[in-house]
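First up is the structure itself, then whatever we jot down about it.
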Amino acid sequence: MRKQFLMLIIATLCIFAPFISLPQNMSKTESTDRKWWKEAIVYQIYPRSFKDDNGDGIGDLKGIISKLDYIKSLGVTAVWLNPIYTSPNDDNGYDVSDYRNIMKDFGTMDDFDALLKGLHERGIRLVMDMVVNHSSDEHEWFKQSRSSRNSPYRNYYHWWNAERGTPPPRYSLFDVNHDAWRYDSLTNAYYLHYFSRKQPDLNWENPKVRQEVFDIMKFWADKGIDGFRLDAFQFAAKDTTWPVFPKGYEKNFTKYYAIGPHLHDYLKEMYNEVFSKYDVMSVAEGAGNSFRDAHDLVDADRKELNMAYAFDAVDVAKPDGYSLVHLKEVFTKWDNEFAKKGWLSIFLANHDQARMVTRFGNDNPQYREISSKMLTTFIMTMRGTPFYYNGDELGMNNPGFKSIRDYRDMATLNEYRHQENIGADMRAYLERIAFECRDNGRTPFQWNGTANAGFSTSKPWINVNPNYKTVNAAVQEKDPNSVLNYFRSVVKLRKDNPVLVYGKYTLLDKQNPDVYAYTRVLGPKRLLILLNFHGHNAKAITGINMDKAKVLLGNYARPSTNGELRPYEAVVYEL
Ligand code: GLC
Ligand code: CA
């Protein structure tokens, strides 16, 4: 008992001990103000697909627990878990029916407590997903709300009584007809759902709803979790005068949906009620429509959230490719805008995206590994907190699903029906989703070359990528040059070099169509990062004298010493 207590103290000390020390003479701005969440390396785990312990084909908490030493071995310092609360799973847990319990598929609260303890013992923090723009329609609040117009829960959601006629159109991201108002004959009224019919939007104008949510957050914070990711929160506040939006608004619905009236009041209240009372980090999905919006969410003096999670960069990759110059432009603009104030997260993938290497690198067997390593180098050498998606450390790529029957994502299946209804070219649609559907990023984690990639002893809920016999963790553990071991060395590089967290970023040779080149500078420390994003040799014109440049890391056995890069070569130099 006593020993366990000691372990816990040591683990806590490890978590809170600063990872690194900073040079004395560095300029003091909000961006160089040290925080653990700026130094964190977040590893995102999609629990459904990570590891199945009880053999029902669905990943679970015990599965994650069985892989804690693997997670620790990566060197990451925080884990973000996608929702694990009780849910009917219309949207894989993003439809919560009980925020204080664990989804049956995933296990029990005891499993959760063991997971949290196991992470903390290893010096790893836990960030939970809070899905409170909406709940499940099977949540008790909604059941009550829909039961009667006089229910005390009626105003927990947004209702439009049908005698007023049809409500002003609202776009639903996931509905078959994209109609966000669903008629419910029980009380002759429509309810609002920006996502699926089974995800009714909560009414944040109602102070009771806000109090419920803050209580839920405190419940988890009291358990000792270390952060919250607020799902779709930019959409939580609605203009409940329900203005009619201009024709075609749905093509740019974020402009009309994001950062609605009082959103900042709600966040300030959340800060006062929750964030100010615990040492937790906070990040909201989406950052509005402008840099101003993003700053208003995260600048420290506003006392709202810690870091912005914006989609501009990840949205650059399209089925027909993307321009590196464009990608550089987007990342550079965001960095420049946040050079002094606020803080960003850096990512190229998550559970809502297809695989990073397929979209941004090259998943052709010849280049899959080398380009995965290059992209990892990029994520880990940018300013901002890296959010790294599970499986990318193996270079997992899109599985190449051919039939709609391979897909599980409700949003994709609904859209398929919608496309059919409007007489679209279904072959083209299948091709498109094989590239960009989020199920591509949700196939089971490839642990080894045995049946079902070692993910489960029975048929997984979604098919395993057929390349699991060659692409898997077990094979890569044994190979010092694997994508996995490279990932570990880049993570270590970031942890050893505060310049990679806090250093100023400067883009070089910005029009270069192949090479992404930049420096990171903090006090006397100067690093140069060169990344060839393409499959041919390329060189950047950096104007930097490379004579004294020392290679810190590279993804080729003999990294380029003169800046002439081979296909997908990545090199980090100290100048
Ligand atoms: C967010 C989640 C996504 C989910 C949606 C609705 O975008 O990341 O997975 O489907 O919100 O909750
Ligand atoms: Ca299971």
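Derivation of every value follows stated rules applied to the coordinates shown; laboratory data play no part. These numbers were taken from a predicted model, which means no experiment stands behind them. Ideal geometry is used to build each Cβ from the backbone, glycine not excepted, and the neighbour counts take in all protein chains shown.
Numbers at a glance
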read-out: Values of log10 I(q)/I(0), in the order q = 0.11, 0.12, 0.23 Å⁻¹, for the range 503-574 under a Debye, Cα-only, solvent-free model; value: -0.23, -0.27, -1.01
read-out: FRET efficiency, THR332 to THR108 (Cβ-Cβ, R0 41 Å, nearest 0.05); value: 0.30
read-out: For the range 185-202, 3J(HN,Hα) per residue [Karplus equation, 6.51 cos²θ - 1.76 cosθ + 1.60, θ = phi - 60°, Hz, x = Gly/Pro]; value: 5, 3, 10, 6, 8, 9, 10, 8, 9, 5, 9, 7, 4, 8, 10, x, 6, 6
read-out: Amide H partners (placed H, <5 Å) of LEU508, local residues excluded; value: ALA517, TYR518, THR519
read-out: Length-normalised contact order of the range 140-192 in % [C-alpha pairs under 8 Å, at least 6 apart]; value: 34
read-out: Built amide H within the under 5 Å cut-off of LEU202, gap 5+; value: HIS134, SER135
read-out: Per-residue HN-Hα couplings for the range 346-353 [Karplus 6.51, -1.76, 1.60; θ = phi - 60°; Hz; x = Gly/Pro]; value: 10, 7, 10, 7, 7, 6, 9, 10
read-out: Whichever lysines have a C-alpha closer than 22 Å to that of LYS277, once near sequence neighbours (fewer than 8 apart) are set aside; value: LYS35, LYS38, LYS117, LYS208, LYS218, LYS223, LYS268, LYS303
read-out: Pairwise label distance in nanometres, SER290 with ARG427, each label 7 Å out on the Cα-Cβ vector; value: 4.6
read-out: Three-way shape label, the range 228-272, alpha-carbon gyration tensor, a/c 1.5; value: oblate
read-out: Residues ASN537 and LYS277, FRET efficiency given R0 of 51 Å [Cβ-Cβ distance, rounded to 0.05]; value: 0.40
read-out: FRET efficiency for LEU575 and GLN211, using Cβ-Cβ distance with R0 set to 45 Å, rounded to 0.05; value: 0.25
read-out: Gyration tensor over alpha-carbon atoms, the chain, equivalent ellipsoid semi-axes in Å; value: 38, 27, 26
read-out: Modelled label reach - PHE219, point 7 Å along Cα→Cβ, the range 231-245 residues with backbone N closer than 19 Å; value: 231
read-out: Rounded Å value of the spacing that divides the Cα centres of the range 153-227 and the range 66-123; value: 25
read-out: Per-residue ³J(HN,Hα) for the range 267-282, Karplus 6.51 cos²θ - 1.76 cosθ + 1.60, θ = phi - 60°, Hz, x for Gly and Pro; value: 5, 5, 4, 4, 4, 5, 7, 10, 4, 5, 9, 9, 8, 10, 8, 9
read-out: Computed over the chain: relative contact order in percent, which uses C-alpha pairs under 8 Å that are six or more apart; value: 13
read-out: Residues with amide H under 5 Å from that of ASN101, placed H, sequence gap 5 or more; value: THR86
read-out: Separation in nanometres of the label points that stand 7 Å from Cα toward Cβ, at LEU186 and ARG302; value: 3.8
read-out: Folded to 0 to 90 degrees: helix 368-381 orientation relative to the chain principal axis, Cα; value: 80
read-out: Cα pair distances exceeding 16 angstrom across the range 140-192, given as percent; value: 40
read-out: Gap separating the Cα centres of the range 228-282 and the range 344-375, nearest whole Å; value: 30
